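Here the structure comes first, spelled out in structure tokens, and everything after it is commentary.
The values are calculated or read from the model by the stated rules, or taken from the named source; none is laboratory data. No experiment lies behind these values; they were computed from the predicted model shown. Note that we place each Cβ from the backbone using ideal geometry, even for glycine, and neighbour counts take in every protein chain shown. Quick note on the areas: whole protein, heavy atoms, side chains included, nothing else; ligands and nucleic acids left out. Shrake-Rupley method; radii C 1.70, N 1.55, O 1.52, S 1.80 Å.
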Amino acid sequence: MNTVKIESINRREALRYLAFKGDEPDENLLRIMDICEKKLTAAAKGRYTYRIFDIAENSGERVVLSGCTLEMTGKDICAHLAGCEKAALLCATVGADVDTLIRREQVEDMASAVITDAMAGCAIEQVCDKAEEAIRKSCPQMFMTWRFSAGYGDLPIELQRQFLEVTNAGRTIGVFANENNILTPKKSVTAVIGLSASPVEKKRSGCTACKIRESCAYRKKGIRCYE
């Protein structure tokens with residue numbers, strides 16, 4: 001298990017998650033964000049774990065990893081890992097206390113709840129970024145792809161439980177999946193990162209590859225969850 005202390009939240013990203021339109025937030029919004037950030041950073045317990053495997057097979061339809069029971073199927077994950085010799089399986093979370101904080105804010109102040117939820121989304125991305133740094137340091141001579149998660153494109157979200165078993169995420173950082181393959185705590189992420197001895201294209205598939213694109217709250221607001 002690796003820990004990440006979250007001392008501050010990327011305000012620019014939080015405002016983007018909130019679909020903020022304007023040059024600068026007003027004093028009232030900044031005041032609320034200050035309060036929410038303080039509560040969130042006190043509650044958040046950033047943790048991540050990862051394992052790196054050699055890629056034994058990439059047929060274009062499935063990816064098989066050496067010494068790993070997880071088999072990833074779909075053309076999208078195969079394209080994502082094309083040219084890669086290794087794959088890093090990553091799981092990260094900001095902890096169950098953040099879920100509790102958001103639920104409490106939903107009862108007491110919905111505006112604060114929405115802002116806290118957006119900031120928590122930024123916080124888990126910050127933990128993932130730290131995990132990527134660790135993976136990069138462990139494989140300094142290799143190039144990395146971006147993060148690709150179960151549920152993107154045609155990579156089945158039903159792989160979540162097996163993914164957690166392979167990374168031992170339940171025991172090490174307390175992340176589990178329910179019967180609908182939703183991660184708990186909610187602000188948790190699983191992802192696959194390709195590692196290659198040669199430069200790899202980092203182009204993202206974007207909204208067209210996402211299985212929740214039709215119901216996505218970000219798309220309804222006219223924004224994206226990625227850059």
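I'd like to verify a number: residues in segment 130-140 that are part of a helix (DSSP H, G or I), over 13 Å from Val94 (Cα atoms) and not hydroxyl-bearing (Ser, Thr, Tyr), how many?
Step one: list which residues in segment 130-140 are part of a helix (DSSP H, G or I), which gives 130-138.
Now restrict to residues that are over 13 Å from Val94 (Cα atoms): 132-138.
Now restrict to residues that are not hydroxyl-bearing (Ser, Thr, Tyr): 132-137.
Going through segment 130-140 one residue at a time, the tally reaches 6.
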Any hit, segment 105-119, residues being touching a residue at least 24 places away in the same chain (Cβ under 8 Å), assigned to a strand (DSSP E or B), touching a helix residue (DSSP H, G or I) at 6+ places or on another chain (Cβ under 7 Å) and open to solvent by less than 10 Å² (accessible area, probe 1.4 Å): no
Given (1) touching a residue at least 24 places away in the same chain (Cβ under 8 Å); (2) touching a Cys at 6+ places or on another chain (Cβ under 9 Å); (3) open to solvent by 50 Å² or more (accessible area, probe 1.4 Å), index of the condition Lys75 fails: (2)
Search result, residues across segment 141-169 that are part of a strand (DSSP E or B) and within 19 Å of Asn180 (Cα to Cα): Tyr152
Scan of segment 147-160 for residues that are open to solvent by 30 Å² or more (accessible area, probe 1.4 Å) and either within 15 Å of the chain's Cα centre (by Cα) or of a type in the set (Lys, Arg) (or both), ordered by number: Arg147, Tyr152, Ile157
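Can you find, within segment 161-202, the residue that is least open to solvent (accessible area, probe 1.4 Å) among those that are among the polar types (S, T, N, Q) and farther than 22 Å from Asp97 by Cβ? Steps first, please.
Kept after step one, since they are among the polar types (S, T, N, Q), are these residues of segment 161-202: 162, 167-168, 172, 178, 180-181, 184, 188, 190, 196, 198.
So of that shortlist, the ones also farther than 22 Å from Asp97 by Cβ come out as 162, 180-181, 196, 198.
On the way: Gln162: 59, Asn180: 103, Asn181: 24, Ser196: 2, Ser198: 64 Å².
Result: Ser196.
Pick from segment 125-145 the residues that are in contact (Cβ under 8 Å) with a residue 12 or more places away in the chain and over 25 Å from Ala79 (Cβ atoms): which of them is most open to solvent (accessible area, probe 1.4 Å)? If you could, list the steps in order and put the result at the bottom.
Of all residues in segment 125-145, those in contact (Cβ under 8 Å) with a residue 12 or more places away in the chain come to 125-128, 130-132, 134-135, 138-139, 141-145.
Filter once more, keeping what is over 25 Å from Ala79 (Cβ atoms): 126-127, 130, 134.
Numbers: Gln126: 51, Val127: 0, Lys130: 99, Ala134: 24 Å².
Within segment 125-145, the match that is most open to solvent (accessible area, probe 1.4 Å) is Lys130.
Does any residue of segment 187-194 turn out to be of a type in the set (Ser, Thr, Tyr), assigned to a strand (DSSP E or B), within 17 Å of Gly95 (Cβ to Cβ) and in contact with a Phe, Trp or Tyr (Cβ under 8 Å, 6 or more places away or on another chain)? Step through it out loud before you land on a result.
The initial filter retains those residues of segment 187-194 that are of a type in the set (Ser, Thr, Tyr), namely 188, 190.
Pick out the ones that are also assigned to a strand (DSSP E or B) and you get 188, 190.
Restricting the remaining residues to those that are within 17 Å of Gly95 (Cβ to Cβ) gives 188, 190.
Keeping just the survivors that are in contact with a Phe, Trp or Tyr (Cβ under 8 Å, 6 or more places away or on another chain) gives 190.
Taking every residue of segment 187-194 in turn, at least one turns out to be of a type in the set (Ser, Thr, Tyr), assigned to a strand (DSSP E or B), within 17 Å of Gly95 (Cβ to Cβ) and in contact with a Phe, Trp or Tyr (Cβ under 8 Å, 6 or more places away or on another chain).
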